[in-house]
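Okay, so here's the structure we're looking at.
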Amino acid sequence: METMGLVRIVPETQGCLRICDLPDDLLLQILILVPGKDAVATAILSKRWRYIWQMLPKLAFKDDRYSESFGWFIDKSMQLHKAPLLISLVVELGEHCPADVDVRKWVEKAVNHSVRTLDFALLWTGEPTSFPKSLYTCGTLVSLSLSNQILVDVSFPASLPSLLYLDLLNVVYKDEDSLARLLSSSPVLRELDVQRRDEGDNLKNFTVKVPSLELLIYVRRGDQPEQEEDQIGSLVIDCPALTDFSIYDDLGYYCSLTENMLCLDEVYISYVPNPDGKFLRCLSSARCIRLYLSESMVACCNAINFSRLIDLVFVSEYPVYWLEPLIFMLQNSPKLKILTIDTKGSPTSSWNQPSTIPQCLSSHLEIVRWKNYEGRQDEKQLMSYILANSKCLKTVKIFGILRGCKKVLESMPRISASSRLLYSSTDKADWTF
């Protein structure tokens, strides 16, 4: 074992307390702050340090050097560990670690010692590894993160009564029933983070049905060959308590939200090519929406009333014609205060001035931010309309301004005398998509 290089033994002098004279509890608090391999390495410093690390309630092993022997190191450390409680175990094994390392044994020990946080990332090139049944019946587990070469196999009754936080990051599932059993076994689950692998994870349909869920992040990126309509998978979200929802899916899946989701507050929608008719209607209660407009969503923008919407980020790219759906959203969002627009690469749209001024312009809109403003005719017409009708407007900030656009913008009439125009020559905006 290598020395950790963090603990310096001070020679004993009159009136000076050496670090090894500190009580065990304080030494443990010090060791909790250093990486697991360094904590274990303190065993060679002196007899005083030999067994201290073995009582650590938290262990974290991350293979930052991609060593072939790192799995053996963890295995030996777990054998020597003697703390009655192992509150947290974090393990990250690199691609060079032999796939025959018995990670199941480490999980079993953590469960038997009342683990609360378990975080496993298996980055090796071997086949996905399943974990022991005891993991899915652990009554103390509060946070579970599974990543990469892990097979989620829940082909038996499961029970995770304390689980609040679950990450499923590029794992493989035995089947759809295993996912359903895992989620249904978690009656108090609050947050779920899902990232699905490009090359497939054994699931055609992905269903999230969790009555207690408050936050959901779902991401799937990649290239998928063209499929027949009946071969396209689906994403179904049935979470009536959900308040925060983020989705990025560019693989063409059908996406459906159940109509009982009335608590949505903050929503990030990016690349949802095949939403069903209920999809945007379920977003009508949101106060903050980050919307990446797809062609399939355009028709929905006219039919939905966003009665609580305060903050809208509206992003459009080729081939979507953006202007008309944005106007519809302004007309249907009477309380909107903050509007952010990004029209990079979107085609020019024809301008048809609304017959009535949207209520948000006349009574609420305070901030407008525009990323990748190019000064095209449709962009100028909308900006002129906003400036001429937004009575409460305070700030307009333009990112990526082109030469000559500033003078045109300054010449546009503004109904709000206190409003300011701010410019940036870079497209680095102060918001995140």
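Ranking of Arg281, Arg290, Arg196, Arg104 by solvent-accessible surface, largest first: Arg281, Arg104, Arg290, Arg196 (1.4 Å probe, protein heavy atoms only, all chains present). Put simply, the amide H of Cys255, placed in the peptide plane, has neighbours under 5 Å in Leu235, Asn274, Asp276, leaving out anything fewer than 5 places away on its chain.
Heavy-atom accessible area with a 1.4 Å probe sorts Val154, Val298, largest first, into Val298, Val154.
Looking at the range 281-418, what % of the alpha carbon pairs are farther apart than 24 Å?
Working: 2189 of 9453 pairs.
Taking all Cα-Cα pairs of the range 281-418, the fraction more than 24 Å apart is 23 percent.
Counting only protein heavy atoms and using a 1.4 Å probe, the accessible area of His96 comes to about 90 Å². Of the residues Tyr173, Ser147, Pro132, the one whose Cα sits farthest towards the positive end of the charge dipole of the range 98-198 is Pro132 (charges of +1 on Lys and Arg Cβ, -1 on Asp and Glu Cβ, taken about the Cα centre).
In terms of solvent-accessible area of protein heavy atoms at a 1.4 angstrom probe, what is the ranking of Glu68, Glu92, highest value first? Before the final figure, lay out each step's value.
Values: Glu68 130, Glu92 60 Å².
Sorted descending by solvent-accessible area, the residues read Glu68, Glu92.
Summing +1 for each Lys or Arg and -1 for each Asp or Glu, what net charge is found among the other residues whose Cβ lies under 12 Å from the Cβ of Ser333? Result for the local shell: +3.
Could you work out the equivalent-ellipsoid semi-axes for the range 84-209, taking the square root of 5 times each eigenvalue of the Cα gyration tensor, largest first, in whole Å? Provide the component values of the computation, followed by the final result.
Values: eigenvalues 80, 76, 29 Å².
Square roots of five times the eigenvalues give 20, 20, 12 Å.
Taking a threshold of 23 Å on the Cα-Cα distance, which of the pairs Lys62/Lys105; Lys105/Lys204; Lys58/Lys174; Lys62/Lys209; Lys371/Lys406 fall above it?
On the way: Lys62/Lys105 18 Å; Lys105/Lys204 31 Å; Lys58/Lys174 30 Å; Lys62/Lys209 33 Å; Lys371/Lys406 14 Å.
Distance filter (> 23 Å) returns Lys105/Lys204; Lys58/Lys174; Lys62/Lys209.
Distant-in-sequence amide contacts of Glu92, defined by a placed amide H-H separation under 5 Å and a gap of 5 or more residues or a different chain, comprise Phe61, Lys62, Asp63, Ala121.
A probe of 1.4 angstrom, applied to the heavy atoms of all protein chains, finds Lys109 with accessible area near 40 square angstrom.
The values are calculated or read from the model by the stated rules, or taken from the named source; none is laboratory data. Remember, predicted model here, so these are calculated numbers, not experimental data. When we count neighbours, we look across all protein chains shown, and the Cβ atoms used for this are built from the backbone with ideal geometry, even at glycine. Only protein heavy atoms, including side chains, enter the accessible area calculation; ligands, DNA and RNA are left aside. Shrake-Rupley method; radii C 1.70, N 1.55, O 1.52, S 1.80 Å.
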